[in-house]
Ligand code: SF4
Ligand code: SF4
Ligand code: SF4
């Protein structure tokens, strides 16, 4: 499979038929992000809206998928219901290896199934199965039903599915991958819902030759030892990402109660340690990752009032979801956080977006802009029971208010007021009130993700206000990340997969041409992605930062409004120049 | 001779490092299936994992079923494989009581040789080279 051709499965959901296309360009598009951009250019239309059924939904893996540790992610790409522009969202689970072992570099879904359906693919199967009975089914139940509908290959397949939020077209609807992972941000769930796809089963039943050279297994062993025997990734193995809660709170950088504060002594209730001590049941891993950063806690519920009868459910947790439904909502008990996350898993909403949206709705209630008529339950910071109900309303779109809020916090604020305190940076903020650089970076970032660039870590290391240095850092940091998301590596492994290491990996697996050209390719892919973003309507000047972000104080002191504004306009300009420059 | 045992599957995180190692190092393949040990979820990811692998019978029914001497009894239990002799009849697959022998679309079989090469790749020490008696008494499967 080392020729220049990508092997792509195209499925026309309208007819239920598909075909394998061999698409040239591997040596320049690499895979993952680069391949997704190539496929959107080929099959997508920049102008038609996201919900035009001809718009593609793309899943892409990379040249190193499954061949090295933590090369375990899949890139999904689509025109987003959130902003009607091109975007990517990434997830792991077993999706990446399943697609690779099914024999494909990418899957492209076009058209719309006649009725709600599930798609089942493998190296020798393509089946679109009517599933009208799954309408309104939550994502966890959908997974169980799909296991019964499609037998065999247990453990060697991946199951993607949506919940109610995707079916009702929420721009915060995510796609659940193998129960504990998600294509979270920017509404991929609604794209599948619009295509009448409730679930996708990818069976990784193929068996392929390995690169024939002695260097490959040796290099594998070296990387495996780096990720397991050194401290490089120990953080993710130990407490996992929730270790950051305490450190960010200490740095006055953890958003609390709709970003009215950046630190609070109540952090004690929701630290990574507290989650591990109280709630951690076990860990999990994406296929191909020995680090196993998935932390699975539990919620226990007494269901008989008089007698001691309990049920329990397992709920995965991470830094971002804990910030979003914990500190951001003033919920400071571990089990309360997990209870809210459990509901979000079912309705299949992106936890970050939903938490931040509900935080805004709570403050809007406090200020009298919203009443019970809209929110249906009394929203109060810290009141987990109400947030569980509100999460359900938001996911199912139970009234006009929640349907609008599902299109984004600013969409609701434009109608009800309160846009000044909507914590939106291109999309609902990630959990880093680290300072000006991060705010500008997320607001203008390609995916509006904290992982687009290392803005949050730059803030934590630099007190000086040097616009040029900060913007140059953001610009220089991006192409390397594009390379990783083209391979497709987990970004937690970025310390291991330096450009030199990636080159070595490509060399021993039969891609010497890519290996010799990585820097230029990262730059090229970065540019291609931004071109698509601009072609689908992105305009950095149209993105404004709500006032709340100017009122924040971090370890560096109060936000410097002039610095933030200059950063934002300079960063926007430099991104625009990237796209416009010749070549 | 020691055999591969899986005494701590209750620690398994489903990373597939073991199966990928077996496929890569023993069978020289890139696959989840072409491996002596295969990790299945026991009914969805929320209920844990089990390892499908050879339990090292002695005498081994798969050896008796093999018409060509491709599979031979391994001292200590299990089998040795002479790939060149395999005629892809599939007889061994059906007689194995624990579904330990995998087969690919071409009819090639993959079974654990109890070499132990996968053990070092498991991040949670789920796997050990040990004895069949202890495995059956104390271990998880
Ligand atoms: S492959 Fe099956 S039948 Fe053969 S020795 Fe192993 S467990 Fe027994
Ligand atoms: S002991 Fe050897 S043959 Fe058996 S599963 Fe492990 S690596 Fe494969
Ligand atoms: S390497 Fe260990 S933890 Fe990973 S799947 Fe195999 S037995 Fe489970």
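When residue B:120 is tested against (1) more than 14 Å from chain A (Cβ to nearest Cβ); (2) at pLDDT 95 or above; (3) more than 15 Å from ligand 1 (Cβ to nearest atom), only condition (1) is not met. Determine whether region A:268-279 contains at least one residue that is assigned to a loop (DSSP other than H, G, I, E, B), out of contact with any helix residue (DSSP H, G or I) (no Cβ under 6 Å at 6 or more places or on another chain) and either modelled with pLDDT of 95 or more or crowded, with 21+ Cβ neighbours inside 10 Å (or both). No - not one qualifying residue is present in region A:268-279. Selection of region A:311-326 for residues being at pLDDT below 95 and farther than 18 Å from residue A:179 by Cα yields only A:311. Before we move on, is residue A:212 surrounded by fewer than 17 Cβ atoms within 10 Å (Cβ to Cβ) and at pLDDT 95 or above? So residue A:212 does not fit the description; no. If residue B:64 satisfies every condition in (1) farther than 30 Å from residue A:298 by Cβ; (2) assigned to a loop (DSSP other than H, G, I, E, B) but one, which is the exception? Failing condition for residue B:64: (2). Counted as qualifying within region B:6-57 are the strands (runs of 3 or more DSSP E) with 3 or more residues that are touching a residue at least 24 places away in the same chain (Cβ under 8 Å) and either within 16 Å of ligand 1 (Cβ to nearest atom) or more than 8 Å from every other protein chain (Cβ to nearest Cβ) (or both), namely B:49-52. Among the residues making up region B:58-107, a single one is within 22 Å of residue B:118 (Cα to Cα), free of Cβ contacts under 8 Å to residues at least 40 places away in the same chain and within 14 Å of another protein chain (Cβ to nearest Cβ): B:103. From the list A:433, A:493, A:443, A:470, exactly one residue is buried (at least 18 other Cβ atoms within 10 Å of the Cβ), in the same structural domain as residue A:550 (by TED's automatic domain parsing) and modelled with pLDDT under 95. Which is it? After ruling out the rest, the residue left standing is A:493. Selection over region A:240-261 of residues that are on the phi < 0 side of the Ramachandran plot and surrounded by fewer than 21 Cβ atoms within 10 Å (Cβ to Cβ) gives a count of 8. Looking across region B:91-141, the residues that are out of contact with any strand residue (DSSP E or B) (no Cβ under 9 Å at 6 or more places or on another chain), within 16 Å of ligand 3 (Cβ to nearest atom) and part of a loop (DSSP other than H, G, I, E, B) come down to B:117, B:122, B:123, B:125. Here no helices (runs of 4 or more DSSP H) wholly within region A:61-179 include at least 1 residues being surrounded by 24 or more Cβ atoms within 10 Å (Cβ to Cβ) and at positive phi.
Pick from region A:310-330 the residues that are surrounded by fewer than 24 Cβ atoms within 10 Å (Cβ to Cβ) and without any contact (Cβ under 8 Å) to a residue 60 or more places away in the chain: which of them is nearest to residue A:93 (Cα to Cα)? Among them, the one singled out is A:314.
Scan region A:288-303 for residues that are in a loop (DSSP other than H, G, I, E, B) and either touching a helix residue (DSSP H, G or I) at 6+ places or on another chain (Cβ under 7 Å) or at pLDDT 95 or above (or both) and jot them down. Result: A:288, A:289, A:290, A:291, A:292, A:293. Just to be sure before I move on: is residue B:112 buried (at least 21 other Cβ atoms within 10 Å of the Cβ) and away from chain A (no Cβ under 12 Å) in the structure I sent? Answer is yes for this residue.
With the structure loaded, tell me whether residue A:204 is within 14 Å of chain B (Cβ to nearest Cβ), closer than 23 Å to residue A:496 by Cα, in contact with a helix residue (DSSP H, G or I) (Cβ under 6 Å, 6 or more places away or on another chain) and modelled with pLDDT of 95 or more or whether it fails that test. The answer is no for residue A:204. Among the residues of region A:330-383, the ones that are under 20 Å from residue A:419 (Cα atoms), in contact with a strand residue (DSSP E or B) (Cβ under 7 Å, 6 or more places away or on another chain) and assigned to a loop (DSSP other than H, G, I, E, B) come to 0 in all.
Quick check on region B:75-90: of everything there that is within 12 Å of ligand 1 (Cβ to nearest atom) and in a loop (DSSP other than H, G, I, E, B), which residue is nearest to the chain's Cα centre (by Cα)? Out of the qualifying residues, it is B:78. For region B:75-90, the condition of being modelled with pLDDT of 95 or more, surrounded by 18 or more Cβ atoms within 10 Å (Cβ to Cβ), within 30 Å of residue A:228 (Cβ to Cβ) and within 16 Å of ligand 3 (Cβ to nearest atom) holds for none of the residues. Here residue B:72 clears all of (1) more than 9 Å from ligand 1 (Cβ to nearest atom); (2) at pLDDT 95 or above; (3) assigned to a loop (DSSP other than H, G, I, E, B) except the condition numbered (3).
Quick one: in region A:448-462, of everything that is touching a strand residue (DSSP E or B) at 6+ places or on another chain (Cβ under 9 Å) and in a loop (DSSP other than H, G, I, E, B), which residue is surrounded by the most Cβ atoms within 10 Å (Cβ to Cβ)? Restricting to residues being touching a strand residue (DSSP E or B) at 6+ places or on another chain (Cβ under 9 Å) and in a loop (DSSP other than H, G, I, E, B), the top hit is A:448.
The values are calculated or read from the model by the stated rules, or taken from the named source; none is laboratory data. In this text the structure is predicted, and so the values were computed from the model without any measurement. All Cβ positions, even for glycine, are placed from backbone atoms using ideal geometry, and neighbour counts span all protein chains on display.
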